[in-house]
1. For a quick check of your reading: which strands (runs of 3 or more DSSP E) sit entirely within the stretch 312-360 and have at least 1 residues that are assigned by TED's automatic domain parsing to the domain that holds residue 263 and closer than 18 Å to residue 202 by Cα?
2. Out of curiosity, is residue 103 surrounded by 24 or more Cβ atoms within 10 Å (Cβ to Cβ) and at pLDDT 95 or above?
3. Answer with yes or no whether residue 19 is in contact with a helix residue (DSSP H, G or I) (Cβ under 6 Å, 6 or more places away or on another chain) and either assigned to a strand (DSSP E or B) or assigned by TED's automatic domain parsing to the domain that holds residue 97 (or both).
4. When you check residue 225 against the structure, is it in the same structural domain as residue 311 (by TED's automatic domain parsing) and either out of contact with any helix residue (DSSP H, G or I) (no Cβ under 7 Å at 6 or more places or on another chain) or under 21 Å from residue 500 (Cβ atoms) (or both), yes or no?
5. Taking the condition of being surrounded by fewer than 24 Cβ atoms within 10 Å (Cβ to Cβ) and part of a loop (DSSP other than H, G, I, E, B), how many residues in the stretch 477-511 meet it?
6. Looking only at the stretch 206-220, how many residues end up being out of contact with any helix residue (DSSP H, G or I) (no Cβ under 7 Å at 6 or more places or on another chain) and assigned to a helix (DSSP H, G or I)?
7. Only one of these conditions is not met by residue 78: (1) in a strand (DSSP E or B); (2) touching a helix residue (DSSP H, G or I) at 6+ places or on another chain (Cβ under 6 Å). Which number is it?
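The values are calculated or read from the model by the stated rules, or taken from the named source; none is laboratory data. Bear in mind the structure is a predicted one, so any value in this text is a computation, not a measurement. As a convention, Cβ positions derive from the backbone with ideal geometry for all residues, glycine included, and neighbour counts pool all protein chains shown.
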């Protein structure tokens, strides 16, 4: 197993006063807000007390006036403030004044500041007094970089952000900072998986890395190779993977957290399933060459699931979490499945494959049936499943489908953590679009409408009525092909890791 170096998250420490020792090279990040005066727009410091003396605040605000800074959202300015024991001050705008800012506004501000550090290795910030968790997550995620495949010619000359000192007077500050740092590190792990090119992350390698990560966190891990998959009847995974010279895998990662619960018998069990297509050409129904390289991200659902179950173990959630992760490479060849072939899913359902580029649902159906054999109370599946998701909701809004009540719960939590999932229906009439003349189902409908919903309806066929479930389509949000923004880099984003982990925490607390 090759080991590409992943992102090394910076260390996080909490202080109640502005450090002086070792701060000479540090950047102090200070939030500012607009004055709200249309006639004389400007910016004033927020969250200064009790960390910054009045003299320093006056110097910062004078510098902002000289730069005509307005304090607009995510606007950054660099200042030298002689009265402070730091190398420089970086102000970041929060927009107009208000009594309380949404957590994601602060998270994005922290991310924008982190992306503007210009090689600084140490930062101190007062932004954390407004929201510790959002600040730590934003700084770590905003400073993320993926350099594993750069030679000395193009690799960054600096080490990147190595130390974060967050200022806070709150009693629970250290606990909040440690929790947020763990969550951000999990997101970075998912990003690393997504950003690793398919030449270096094929099914066997992906499975080996997932196994190593899981075992290091104390998870029980099971890996099924292609022979085991064939023998057990995983027809969807085998069918998708048989066109590639790199055979498929299925990984199971198990966190037995109920042992940590006050009442183990009452603890809930949650199944996670993630799509792990390590590269998707479309198979015989081949994709256009333009932008096909983006399909390195077609395993983003699997990456998020692996990161989430590992985080559940690291933070000792008192519930059982079982991840089932199918992995395959969808390639055209003389051995590839053909349009018109019939596959038999794990569990016995047959499907007529009308389009080999609708392969994600084929491997997911197998995994969902296997996951439901564990009798979970809840099932969360996530995948870069349909281009129709981006047409309906764009590149920043995941579509959330499934059981009505649990779907709405997942979407609400997703919005709270800033990943912005939106609930979508699964209309009954769409099932008629999946009727086959030769098998139980077809894998696509005969028309182009409602593609995201049709895929969800297909997956629903494999979930028992007794299981509350949610399907999160992150085809757009999992991989940013545009410019960086907030705490989101170009490339892998780690979505929906934070959503899934927050749902697990909610289930652990409320059932």
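1. Values: elements: 320-330, 342-344, 350-352.
Filter on the stretch 312-360 gives 320-330.
2. On the way: surrounded by 24 or more Cβ atoms within 10 Å (Cβ to Cβ): no; at pLDDT 95 or above: yes.
So residue 103 fails the test.
3. So residue 19 does not fit the description; no.
4. Numbers: in the same structural domain as residue 311 (by TED's automatic domain parsing): yes; either out of contact with any helix residue (DSSP H, G or I) (no Cβ under 7 Å at 6 or more places or on another chain) or under 21 Å from residue 500 (Cβ atoms) (or both): yes.
Considered against the rule, which asks whether it is in the same structural domain as residue 311 (by TED's automatic domain parsing) and either out of contact with any helix residue (DSSP H, G or I) (no Cβ under 7 Å at 6 or more places or on another chain) or under 21 Å from residue 500 (Cβ atoms) (or both), residue 225 comes out as yes.
5. Total satisfying the criteria: 8.
6. To start, the set of residues in the stretch 206-220 that are out of contact with any helix residue (DSSP H, G or I) (no Cβ under 7 Å at 6 or more places or on another chain) comprises 206-209, 211-212, 215-216, 220.
So of that shortlist, the ones also assigned to a helix (DSSP H, G or I) come out as 206-209, 211-212, 215-216.
Residues in the stretch 206-220 being out of contact with any helix residue (DSSP H, G or I) (no Cβ under 7 Å at 6 or more places or on another chain) and assigned to a helix (DSSP H, G or I): 8 in total.
7. (2)
Quick grid of which residues meet (1) touching a residue at least 24 places away in the same chain (Cβ under 8 Å); (2) closer than 18 Å to residue 417 by Cβ; (3) in a loop (DSSP other than H, G, I, E, B); (4) within 20 Å of the chain's Cα centre (by Cα):
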{"site": "124", "(1), (2), (3), (4)": "yes, no, no, no"}
{"site": "152", "(1), (2), (3), (4)": "no, no, yes, no"}
{"site": "161", "(1), (2), (3), (4)": "yes, no, yes, no"}
{"site": "170", "(1), (2), (3), (4)": "yes, no, yes, no"}
{"site": "185", "(1), (2), (3), (4)": "yes, yes, no, yes"}
{"site": "188", "(1), (2), (3), (4)": "yes, yes, no, yes"}
{"site": "193", "(1), (2), (3), (4)": "yes, no, no, yes"}
